[in-house]
Amino acid sequence: MSPMSRYDPAQIEPRWQQHWKEQGTFVATEDPEKPPYYVLCMFPYPSGSGLHVGHPESYTAVDIVARQRRMRGFNVLNPIGFDSFGLPAERAAQRENRHPAEITRERIDYFRTQMQRLGFSFNWEREVSTCEPDYYRWTQWIFLKLHEQGLAYLAEVPVNWCPAQGTVLANEEVVDGRYIETGDPVERRVMKQWMLRITAYAQRLLEDLEGLDWPEGVLEMQRQWIGRSEGALVRFEVEGGGEFKVFTTRPDTLFGATWCVLAPEHPLIGSITRPEQRQAVEAYVAQARNKSDMERQVAADKEKTGVFTGAYAVNPVNGERIPVWIADYVLSTYGTGAIMAVPAHDERDHAFARTFDLPIRPVYTVEGVEHDFSASAWPGDGRAINSGAFDGMSVSEFKAAILAWLEERGLGERQVNYKLRDWLFSRQRYWGEPFPIVHTADGGVHPVHPSDLPISLPHVDAYKPTEDGQPPLARAEDWLHTSWQGQPATRETNTMPQWAGSCWYYLRYMDPHNTELPFGQDKVAYWKQVDLYIGGVEHAVLHLLYARFWHKVLYDCGLVPTKEPFQKLFNQGMILAWAYRESGGRYHAPDTVERRPGQLSTIVSAWTGLPVETDWYLKGAETPVEEKLGKMGKSLQNSVDPLEIVERYGADTLRIYEMFMGPLEQVKPWQTSGCEGIHRFLSRVWRLFVDDQTGETRPFGTTSPEVKKALHIAIKEATEGIEQLKLNTPVAKMMELVNACKGEAPAREEALAFVLILSPWAPHLAEELWQRFGHDRSLSTEPWPAWDPAALSGDSMTIVLQVMGKRRGELEVPRTASKEEILALARQDPQLTRFLEGQQIKKEIYVPGKLVNLVVG
RNA sequence: GCGGACGUGGCGGAAUUGGUAGACGCGCUAGAUUCAGGAUCUAGUGGGCAUGCGCCCUUGGGGGUUCGAUUCCCCCCGUCCGCACCA
């Protein structure tokens, strides 16, 4: 060991990283003697730009939990891997004319280098990468299970086609008519695609949310996405032949239905439209078809559009003849694609009635409320009117009664509907899992035998569609043509979406090198499920819903023992960074600008187009720039590379700063200068135990009562903080402890306890000190210290003295002092006398161990 | 529009079965040490008046409950996130 006087993480950290690697300190084995604990951070997509300082936030939090659980005697699984199929690598492959596998491996290597320099106690021996054949072989295997269960099917469906990406996208990937990743516009097309029947699991996906320790917001988002609603399916006959069904959650308003509306895609339109309306209807349907999703959604705020078919339907409850319209405010993909319109009690129908001057008939009144039905709908409860024998009922009474009435007469039935739709599972891309499916000339669709897996990705001459529009895999002629039971056959040329690999990676980590199965039953029986899953809230719906779905299918196949994959979920808040932009729009990196307090300029904001005041300027120039907080990335020129921080301050400083910034779940701005304080803190810790002149380990001292108290407070805060993932305040308590030491090392016992509680946050420094204290083994399995409740408060306590609720002084009394003694002292305390003079004490309040409040008057 | 989270010094944040508001840190100011330092140490740092002890104000704004409110209740303002014609 070279002599080192000052705290020098560049010397300490690589050595301990090497030590952990060589000793296999964090290798996880299935030890039946120890309770298992499975922590997991959402694995990264290895992008071309490497990690930025936002990534280590969740890794650090997970690592702190993992390290502390090991010290508490748990057998910890803390794996890591890479979500490595996907579009960005394929686009890079097109640009650079290289194989995406090669590009991906390089990127993974860089990610791994970055991550390993941060000292995480990952199970690197279990690393997986979803694009490797020994991984995707089992993704294909699970697909075969889904297929076998009837949950994967081919269908001719309207899809979200993204011309810029040359592929279809799932509904979940499209927001406002654009691809969420790139913002490219999306249009509708009808294509034959692989679908997964996630809707078959809708009810269970909803029900099993109960009992999960997840953030309320995520549970709510999942519930809304599944979108269960109870109602009725009601049959309407069309005059002159034909019938359609509508779904309604308000069958109790059937008597108020004054027309019906079919979605423009409804199959009945052709047959019921009257000749005199045909031209108008066809024009409307064509126009609706050509509208993009975005245009349709924008139109939601505008005036409703629609066209009358000329046909009439019969209201089953009263035999009334009501017109049938077509309008694009009715969605073809929800319910039956047809509705009954009750303008008096539904806002949307009311808006339509106003536009086309259709009749509005109330079927509820509210006592004491004079509602103007020509102005707005009344969606609430009331007393039924205009509804024959049902008059006088409340909404819930009426619903029950009318459902029974409809079912008795065969006019309708109870129905539960979900917003959730089946999952579009095909992509027309190269860089994804090939489907283990072949097609024969007779139209047969056949799963390949599991022993033939993996169906490997073939080499192709270009990562783009064929001349006739087939997906890239169709370019691999040799691969494409195969046989099935003696017949010539062609392979499926679609690939799976990026979500596929991440649907089950947490299971593969349990048994990553199994060549017979995706994971062994003994392994999954031991680890069971993920105890704690930490990741970004951006996966609240898509990834978590898909993974839960696959997990339930595997559960039904008897392959996993639990119904749910992730028992506790925690969302870390995104780390943002300040971005600086000239009025003209150019961005500047944070280290090229400076603040000049008092020197204000007014510029036109490139973001809003409005004038703003700023005191930020380009360094060495008079160019003012506007400051704004944003997501880290290339576009805002505000990314910070963790390695840059490691070089300057060390990995321990980076780790602690990421935690110290604020509550884990909160969005917070990165400030590199904040690392200074952490680095100072760690230097102080170093100097407490190491002579910074000689580099020698200093002898232990004695522990003062204040230090002892501060230590036990810190142990308590660290222990409870890790339990609740409040990882910022323990750092503050450890700083207070070090401040309390006033540069003097405490006694051995307290020094050891301090280093142990520091170790999850600053593992390198802690190991170094631990070794200097004379240990020859890593501290990673040393028992976690316990706090002594008696040490939390000293022999005396501080009582705050208040008069009329205002703080007027304080009192130091022995712990043993009684309420009477304390009150007596308070009454004659010199700090209070001038507030008590001439006043009578009306009330005395004593909060044990905390304060006295004297009420006078 | 609906749902969720939130609003505390120049900045990040701490403190909620109601009990010392501003812990801890950044930044800033002054001083010490140093050839020098993005080094280290000491002191100060919410605002105002006094600058002696002290007093008043202050947790987005307004009201309420209470001996006492950042914490509980009502109204308003603002920010962020998710969903958005789902019948």
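Could you list all residues from the stretch A:70-104 that are open to solvent by 10 Å² or more (accessible area, probe 1.4 Å) and of a type in the set (Gly, Ala, Ser)?
Matches in the stretch A:70-104: A:Gly73, A:Ala101.
Pairs please, first residue from the stretch A:665-688 and over 14 Å from A:Tyr649 (Cβ atoms), second anywhere and near RNA strand B (Cβ under 6 Å from one of its atoms), Cβ atoms under 7 Å, 6+ apart in sequence or on different chains.
A:Lys668/A:Met661; A:Lys668/A:Gly662
Restrict the check to the stretch A:56-69 and report whether at least one residue is open to solvent by 20 Å² or more (accessible area, probe 1.4 Å) and either of a type in the set (Phe, Trp, Tyr) or in contact (Cβ under 8 Å) with a residue 60 or more places away in the chain (or both).
No.
Can you name the residue in the stretch A:828-844 that is free of Cβ contacts under 8 Å to residues at least 24 places away in the same chain and under 55 Å from the mean Cα position of the chain (by Cα) and is also surrounded by the fewest Cβ atoms within 10 Å (Cβ to Cβ) among such residues?
A:Lys843
Does A:Val667 satisfy being open to solvent by 60 Å² or more (accessible area, probe 1.4 Å) and β-branched (Val, Ile, Thr)?
yes
Checking the structure you have, find out if any residue of the stretch A:590-607 is under 33 Å from the mean Cα position of the chain (by Cα) and within 15 Å of A:Val53 (Cβ to Cβ).
Scanning the stretch A:590-607 turns up at least one residue that is under 33 Å from the mean Cα position of the chain (by Cα) and within 15 Å of A:Val53 (Cβ to Cβ).
Condition first: open to solvent by less than 40 Å² (accessible area, probe 1.4 Å) and within 12 Å of A:Gln140 (Cα to Cα). Now tell me which residues in the stretch A:441-453 satisfy that.
Scanning the stretch A:441-453 gives A:Val448, A:Leu453.
So which residues in the stretch A:5-52 are buried (at least 16 other Cβ atoms within 10 Å of the Cβ), part of a loop (DSSP other than H, G, I, E, B) and of a type in the set (Val, Ile, Thr), if there are any at all?
Across the stretch A:5-52, the qualifying residue is only A:Thr25.
Scan the stretch A:187-220 residue by residue and report those that are closer than 30 Å to A:Met340 by Cβ, of a type in the set (D, E, K, R) and either open to solvent by less than 70 Å² (accessible area, probe 1.4 Å) or more than 25 Å from the chain's Cα centre (by Cα) (or both).
A:Arg188
Residues to consider are A:Gly388, A:Gly443; find the one that is over 40 Å from the mean Cα position of the chain (by Cα) and in the same structural domain as A:Gly256 (by TED's automatic domain parsing).
When all the criteria are applied, what remains is A:Gly388.
So, of the residues in the stretch A:370-412 that are free of Cβ contacts under 8 Å to residues at least 12 places away in the same chain and closer than 19 Å to A:Pro343 by Cβ, which turns out to be most open to solvent (accessible area, probe 1.4 Å)?
Within the stretch A:370-412, the match that is most open to solvent (accessible area, probe 1.4 Å) is A:Glu370.
Of the conditions (1) surrounded by 13 or more Cβ atoms within 10 Å (Cβ to Cβ); (2) touching a residue at least 24 places away in the same chain (Cβ under 8 Å); (3) of a type in the set (D, E, K, R), A:Arg223 fails just one. Which one is it?
(2)
So the check is Cβ under 8 Å with 6+ separation or different chains; which pairs have a first residue in the stretch A:782-809 that's aromatic (Phe, Trp, Tyr) and within 16 Å of RNA strand B (Cβ to nearest atom) and a second one that's open to solvent by less than 40 Å² (accessible area, probe 1.4 Å) and not in a strand (DSSP E or B)?
No pair meets every condition.
Restricting to the stretch A:755-769, name every residue that is open to solvent by less than 10 Å² (accessible area, probe 1.4 Å) and either in a helix (DSSP H, G or I) or in contact with a strand residue (DSSP E or B) (Cβ under 7 Å, 6 or more places away or on another chain) (or both).
Of everything in the stretch A:755-769, those that are open to solvent by less than 10 Å² (accessible area, probe 1.4 Å) and either in a helix (DSSP H, G or I) or in contact with a strand residue (DSSP E or B) (Cβ under 7 Å, 6 or more places away or on another chain) (or both) turn out to be A:Val755, A:Ile757, A:Leu758, A:Pro763, A:His764, A:Leu765, A:Ala766, A:Glu767, A:Glu768, A:Leu769.
Scanning the stretch A:520-558 for residues that are free of Cβ contacts under 8 Å to residues at least 40 places away in the same chain and not in a helix (DSSP H, G or I), which turns out most open to solvent (accessible area, probe 1.4 Å)?
A:Gly558
Restricting to the stretch A:475-504, count the residues that are more than 25 Å from A:Glu173 (Cα to Cα) and of a type outside the set (Ser, Thr, Tyr).
So the count comes out to 14.
Exactly one of (1) of a type in the set (D, E, K, R); (2) open to solvent by 30 Å² or more (accessible area, probe 1.4 Å); (3) modelled with pLDDT of 90 or more is unmet by A:Arg596. Its number?
(3)
Yes or no: A:Lys634 of a type outside the set (Val, Ile, Thr), more than 14 Å from RNA strand B (Cβ to nearest atom) and in contact with a helix residue (DSSP H, G or I) (Cβ under 9 Å, 6 or more places away or on another chain)?
The answer is no for A:Lys634.
Out of (1) within 16 Å of RNA strand B (Cβ to nearest atom); (2) charged (D, E, K, R); (3) surrounded by 17 or more Cβ atoms within 10 Å (Cβ to Cβ), what's the single condition that is false for A:Glu433?
The failed condition is (1).
Here's the yes/no breakdown for (1) of a type in the set (Asp, Glu); (2) in contact with a strand residue (DSSP E or B) (Cβ under 7 Å, 6 or more places away or on another chain); (3) in the same structural domain as A:Glu538 (by TED's automatic domain parsing); (4) within 16 Å of RNA strand B (Cβ to nearest atom):
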site: A:Tyr153; (1), (2), (3), (4): no, yes, no, no
site: A:Pro158; (1), (2), (3), (4): no, yes, no, yes
site: A:Cys162; (1), (2), (3), (4): no, yes, no, no
site: A:Val175; (1), (2), (3), (4): no, no, no, yes
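Can you tell me which residue in the stretch A:311-340 is most open to solvent (accessible area, probe 1.4 Å), limited to those that are closer than 22 Å to A:Ile385 by Cα and near RNA strand B (Cβ under 8 Å from one of its atoms)?
So the residue we want is A:Ile339.
Looking only at the stretch A:726-743, decide whether some residue is more than 18 Å from A:Gly677 (Cα to Cα) and assigned to a helix (DSSP H, G or I).
No: the stretch A:726-743 contains no residue that is more than 18 Å from A:Gly677 (Cα to Cα) and assigned to a helix (DSSP H, G or I).
Looking for whichever is open to solvent by less than 40 Å² (accessible area, probe 1.4 Å) and away from RNA strand B (no atom under 14 Å from the Cβ) here; the options are A:Val238, A:Val234. Which one fits?
On inspection, the qualifying residue turns out to be A:Val238.
Condition check ((1) buried (at least 19 other Cβ atoms within 10 Å of the Cβ); (2) hydroxyl-bearing (Ser, Thr, Tyr)) across all residues:
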{"residue": "A:Ala745", "(1), (2)": "yes, no"}
{"residue": "A:Glu750", "(1), (2)": "yes, no"}
{"residue": "A:Ala753", "(1), (2)": "yes, no"}
{"residue": "A:Ser778", "(1), (2)": "yes, yes"}
{"residue": "A:Asp795", "(1), (2)": "no, no"}
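Quick test of your reading of the structure: A:Arg361 fulfils all but one of (1) touching a strand residue (DSSP E or B) at 6+ places or on another chain (Cβ under 9 Å); (2) part of a loop (DSSP other than H, G, I, E, B); (3) more than 15 Å from RNA strand B (Cβ to nearest atom). Name the failing condition by number.
Unmet for A:Arg361, out of (1) touching a strand residue (DSSP E or B) at 6+ places or on another chain (Cβ under 9 Å); (2) part of a loop (DSSP other than H, G, I, E, B); (3) more than 15 Å from RNA strand B (Cβ to nearest atom): (1).
The values are calculated or read from the model by the stated rules, or taken from the named source; none is laboratory data. Owing to the predicted nature of the structure, the values given are computational and were not obtained by experimental measurement. Cβ: placed from backbone, ideal geometry, glycine included. Neighbour counts: every protein chain shown. The accessibility values were calculated without ligands, DNA or RNA, using every heavy atom of the protein model including side chains. Shrake-Rupley method; radii C 1.70, N 1.55, O 1.52, S 1.80 Å.
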